[in-house]
Protein chains: 2
Amino acid sequence: MNDRLPEIQLLLTGNEIMSGDTIDSNSAVIAQRLAEAGLGIHRKVTLGDDAQLIADELVDMAKSADVVIVNGGLGPTIDDLTAEILANAAGVALEERQEAVTHLQQWCARRNLQLNQANLKQAMLPAGCAIIDNPIGSAVGFELNIDRCRIICTPGVPGELKAMLGPIVASIAGQTASASRRNVLRLQTFGLGESTAQQIISDAIPDWPTAVELGFRAGSPQMEIKLSINTPSATDAQEKCRQQLNELFGDHIIGEGDTTLAQRVLQLLDGRNATLCTAESCTGGLIASSLTQVPGASSGFHAGFVTYSNSIKHSVLGVSEDTLAQCGAVSEEVVREMARGALREAAADYVIAVSGIAGPSGGTAEKPVGTVWLAWGTAQDLHTRNLCWPVERTLFQTMIAAAGLDMIRRTLLGIDTEPRYFDQRQAKHTG
Amino acid sequence: MNDRLPEIQLLLTGNEIMSGDTIDSNSAVIAQRLAEAGLGIHRKVTLGDDAQLIADELVDMAKSADVVIVNGGLGPTIDDLTAEILANAAGVALEERQEAVTHLQQWCARRNLQLNQANLKQAMLPAGCAIIDNPIGSAVGFELNIDRCRIICTPGVPGELKAMLGPIVASIAGQTASASRRNVLRLQTFGLGESTAQQIISDAIPDWPTAVELGFRAGSPQMEIKLSINTPSATDAQEKCRQQLNELFGDHIIGEGDTTLAQRVLQLLDGRNATLCTAESCTGGLIASSLTQVPGASSGFHAGFVTYSNSIKHSVLGVSEDTLAQCGAVSEEVVREMARGALREAAADYVIAVSGIAGPSGGTAEKPVGTVWLAWGTAQDLHTRNLCWPVERTLFQTMIAAAGLDMIRRTLLGIDTEPRYFDQRQAKHTG
């Protein structure tokens with residue numbers, strides 16, 4: 001047991017990460033799990049599958065770190081080098097470990113697969129290492145010291161890493177008696193930019209308390225605001241900051257933690273025992289897909305219509321051919337008829353309908369790429385709005401799908417004020 | 001001009017990356033752009049917003065590297081520290097740069113925004129630095145040497161970084177006379193695992209040529225196989241390897257480069273002047289959304305139905321209430337009626353229909369979580385299949401949506417052999 005926090009470094013390996021072919025999400029998972037135990041990552045280094053470079057870095061890290069978590073290089077293919085490198089760096093031999101062979105045999109048996117030579121490579125481990133069980137994948141993890149530094153080797157496959165982190169983090173946290181109790185309050189927002197939010201806060205709260213660290217994470221579609229404190233005594237200050245943010249732009253706050261717009265909408269629908277349907281043109285099913293990603297979505301969401309062509313808007317949703325011919329598919333009239341058609345066909349309480357020009361082609365001077373009509377609400381109280389959000393196609397779909405969900409969220413909460421993006425993303429031609 | 005390749009290191013900064021709140025995709029973009037110019041990244045270090053730690057690392061990197069690309073910390077908020085740190089490390093002052101102020105003024109004017117103090121912080125730059133234009137965002141980039149090492153500072157917002165990388169990469173590539181012409185052939189596959197592919201290749205091609213580097217990238221849903229060569233003289237060997245892979249498991253190869261299943265399906269539909277419709281239950285719109293992410297999707301895809309509840313399967317797609325009651329929603333009969341209903345309502349040539357149990361709840365002993373019925377084909381030639389793919393909910397949706405698209409791809413190509421995953425993911429209860 002030690003009173004100070006261990007210095008933890010992370011070493012990620014893999015040509016696919018270095019070359020950018022794979023986006024690394026593993027280090028985020030490791031960081032989050034460590035944070036839950038009050039631990040932080042001091043430094044992270046990423047290297048390609050170069051045995052010499054990895055060995056040098058590992059030895060270097062071991063000089064100052066208490067723990068190095070190595071991620072990647074445990075796989076069955078020829079570019080997986082971690083076991084060999086660690087054995088060399090620690091000055092031990094590689095040997096076939098029976099526990100690892102047994103694990104591989106059972107893994108293959110469960111999958112009705114033949115154990116092959118490529119797999120067996122994963123049982124060749126540094127002599128004297130401790131084996132870490134992998135409940136999902138074929139590659140076991142392992143741990144060995146270099147001098148006084150613990151080197152913990154984990155697989156690069158995200159699902160396997162996740163399944164193994166619990167015991168690993170617990171064993172690191174067990175080293176220290178008093179992990180700091182960092183408390184992070186995360187607020188999910190939609191429709192605010194980072195600099196806008198920062199400016200509003202700076203202007204309104206010049207005496208922001210130093211004990212509360214303010215952070216932003218601009219994502220698509222949501223932006224996260226973080227209020228972090230390092231001592232329990234700052235809890236009141238943190239709560240006061242939260243209240244002030246609520247007063248400043250509370251209608252843009254979706255919820256806490258990892259809450260998504262789709263989750264919040266489904267939760268609000270559940271509270272009213274109500275259902276929502278969708279009629280999507282330019283977002284092409286993304287609103288429906290966001291909703292159905294949420295476990296239990298079936299209580300509030302029963303039906304979505306992706307009506308990508310004019311004839312389908314007519315035949316499936318009953319949009320009049322005259323309206324389509326006179327107003328065009330991207331028009332208030334059409335999106336309104338789409339919404340009414342979807343409400344009727346789905347027998348739902350609420351609706352989101354969207355029709356717009358996602359690009360890159362299809363824009364005109366009158367209706368440039370990024371133009372979109374949104375309709376939302378109920379049969380009795382249907383609202384429409386014309387926006388222009390001229391960004392790359394998939395980002396456009398992401399933001400418009402989110403805007404549709406956000407308007408239903410606001411409707412269900414009875415929020416009357418318009419979101420900031422209505423003003424910022426106003427279409428020039430409102431015809 | 002220099003004959004050897006410059007040693008490029010990457011320094012990523014930001015608490016949000018270190019804590020795992022943000023997944024870093026920027027370094028992948030930088031690596032890919034550098035690779036196109038024949039350049040590689042030697043080493044990458046990631047640190048939180050700790051001025052001392054960043055300064056130490058920067059000075060350390062500058063000792064061995066020719067170029068350090070710093071990413072992050074240029075924003076308007078208080079946790080953005082890069083300009084200050086670089087000024088300190090290089091021993092110069094921070095000063096307000098008129099070019100950067102003008103850039104901010106124009107940026108705000110285009111957006112109808114008021115220039116605020118938070119933004120103006122982005123014009124305080126190290127004295128003597130060269131300014132790098134940011135055509136999208138408010139923060140300009142900048143470059144300054146520490147001794148002989150170029151330190152190039154870039155913004156963390158992905159879209160802005162992308163828009164700035166062209167000139168940056170060109171200026172780095174311009175340093176070297178003979179960037180190696182690495183040629184990478186990337187093949188996209190679906191339905192093959194990494195170790196399976198490695199084993200098939202090792203068994204079938206024991207004399208794999210050393211000039212062709214074989215790499216794998218396991219993604220969801222696709223796996224990429226890479227054949228890399230470093231000299232033009234290896235082009236024939238590379239081409240021969242590709243042919244051998246085609247013979248070994250060519251029906252699992254979707255296409256080259258970044259080809260997605262949705263792109264390939266739309267391309268094949270275009271070639272036949274045919275249309276596809278979807279009837280989705282457990283995938284909840286993900287197949288439609290994957291298709292409509294592709295620019296120009298409207299030529300081959302007109303209509304998608306998300307029929308998440310039984311009553312909607314009946315009212316929208318005409319699935320008989322008797323069939324639903326007798327067979328259950330996850331059954332061959334229902335998925336077949338969904339497919340026929342969608343073909344009729346959409347007047348389309350081809351259809352994908354899916355009904356399954358995405359979990360985490362809803363499974364039974366007879367039909368556990370992960371059970372799914374797929375239907376695909378035409379009205380005259382409709383196929384069905386029962387699979388069991390028991391993975392986490394969103395991964396299940398991703399894989400099943402891909403499997404549906406893959407079966408249409410195979411149908412459109414006239415491939416008769418069954419994919420490997422039919423065998424591996426066979427449902428136990430085929431009732």
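Brief remarks follow.
- Unit charges on C-beta of K, R, D, E only; dipole of chain B, Debye: 640
- Starting from the label point of B:V59 at 7 Å along Cα→Cβ, the same points in the other copies fall at 2.5 nm, in ascending order.
- Taking every DSSP helix (H) stretch of at least 4 residues in chain B, weighting each as -39,500 (n - 2.57) and dividing the sum by the residue count yields a mean residue ellipticity at 222 nm of -12000 deg cm²/dmol.
- Region B:151-259, accessible surface, carbon-and-sulfur percent (1.4 angstrom probe): 50
- Here the simple spin-label model places points 7 Å from the Cα toward Cβ, and for B:T364 and B:L120 these points are separated by 6.9 nm.
- Taking the 1.4 Å solvent-accessible surface of region B:1-115 as the whole, the part contributed by carbon and sulfur is 47%.
- Phi-derived couplings, Karplus 6.51 cos²θ - 1.76 cosθ + 1.60 at θ = phi - 60°, listed residue by residue for region B:365-370: 4, 6, 10, x, 3, x Hz, with x used for Gly and Pro.
- Rolling a 1.4 Å probe over the heavy atoms of the protein chains gives chain B an accessible area of 40 Å² per residue.
- Dipole magnitude for the protein assembly as shown: computed about the Cα centre from +1 point charges on Lys and Arg Cβ and -1 point charges on Asp and Glu Cβ, it is near 1040 debye.
- Rounded, prolate or oblate (a/c below 1.5 giving rounded, otherwise prolate when a/b exceeds b/c) for the protein assembly as shown by Cα gyration tensor: oblate
- Evaluating 6.51 cos²θ - 1.76 cosθ + 1.60 at θ = phi - 60° for every residue in region A:348-353, the Karplus couplings come out as 9, 7, 10, 9, 10, 10 Hz, glycine and proline recorded as x.
- Farthest toward positive dipole pole in chain B [+1 Lys/Arg, -1 Asp/Glu at C-beta], among B:Q263, B:T231, B:S299: B:S299
- Listing of region B:364-409 residues, each with accessible area lower by at least 10 Å² in the full protein assembly than in the chain alone (probe 1.4 Å): B:R393, B:T394, B:Q397
- Region A:217-363 shape via C-alpha gyration tensor axes, a/c threshold 1.5: prolate
- Coupling constants for region B:196-204 follow from the phi torsions by the Karplus curve (6.51 cos²θ - 1.76 cosθ + 1.60, θ = phi - 60°), and in residue order they are 4, 4, 4, 5, 4, 5, 4, 5, 8 Hz; glycine and proline get x.
- Region A:261-424, accessible surface, carbon-and-sulfur percent (1.4 angstrom probe): 47
- With label points set 7 Å from Cα along Cα→Cβ, the inter-copy distances at B:A325 are 4.5 nm, sorted shortest first.
- Computed from the C-beta positions of A:E36 and A:E418, the FRET efficiency with R₀ = 51 Å rounds to 0.85.
- Exposed loop sites are taken as trypsin sites (Lys or Arg not before Pro) in a DSSP loop (any state but H, G, I, E or B) with at most 13 other beta carbon atoms within 10 Å; the longest stretch of chain A without one runs A:182-427.
- Net charge, B:D133 excluded, C-beta distance under 14 Å - Lys, Arg +1, Asp, Glu -1: -1
- Region B:261-424: relative contact order in percent, alpha carbon pairs under 8 Å with at least 6 residues between: 24
- Cα-Cα separations in region B:355-431 greater than 16 Å, expressed as whole percent: 49
- Average other protein chain Cβ within 10 Å of Cβ, residues A:186-193: 1
- Shape of chain B, Cα gyration tensor, a/c cut at 1.5: prolate
- Stokes-Einstein D in µm²/s, Kirkwood radius over Cα pairs - region B:54-146 at 25 °C with 0.890 mPa s viscosity: 178
- Inter-chain Cβ neighbour average for residues A:40-51, partner chain, 10 Å: 5
- For the pair B:T394 and A:A170, label points projected 7 Å from Cα toward Cβ lie 2.7 nm apart.
- Counting Cα-Cα pairs of region A:7-76 in 10 Å increments starting at 0 gives whole-percent bin shares of 19, 52, 27, 2.
- Amide H to amide H distances under 5 Å link B:D24 with no residue, where only residues 5 or more positions off or on other chains count and H is placed in the peptide plane.
- Taken residue by residue and averaged, Cβ atoms of other chains lying within 10 Å of the Cβ of A:197-203 number 5.
- Close amide H partners of A:G219, meaning residues 5 or more places away or on another chain with modelled amide H under 5 Å apart, are A:E224.
- Contour minus Cα-Cα distance for B:R110 and B:S299 (0.36 nm per residue): 64.5 nm
- Shortest-first nm distances, A:P390 label point to equivalent points in other copies (7 Å, Cα→Cβ): 5.3
- For chain B, the longest principal axis of the alpha carbon atoms and the long axis of helix B:98-110 meet at an angle near 30°.
- Extending 7 Å from Cα along the Cβ direction at A:E247 and again at B:L248 yields two label points whose distance is 6.7 nm.
- Residues of region A:282-306 whose accessible area, computed with a 1.4 Å probe over protein heavy atoms, drops by at least 30 Å² once all protein chains are present relative to their chain alone are A:G284, A:S289, A:T292, A:Q293, A:P295, A:H302, A:G304, A:F305, A:V306.
- 0 to 90° range, to nearest 10: angle between helix B:26-36 axis and chain B longest Cα axis: 90
- Take the accessible area of chain B alone and of chain A alone, subtract that of the pair, and you get about 5800 Å² summed over both chains, using a 1.4 Å probe.
- Near-label residues of region A:326-360 by backbone N, under 15 Å of a point 7 Å along Cα→Cβ of A:N273: A:349
The values are calculated or read from the model by the stated rules, or taken from the named source; none is laboratory data. Bear in mind that the values here come from a model prediction, so they are computed numbers and not experimental data. Every residue, glycine as well, gets a Cβ built from its backbone with ideal geometry; the counts of neighbours run over all protein chains shown. Surface accessibility is based on the protein's heavy atoms, side chains included, excluding ligands, DNA and RNA. Shrake-Rupley method; radii C 1.70, N 1.55, O 1.52, S 1.80 Å.
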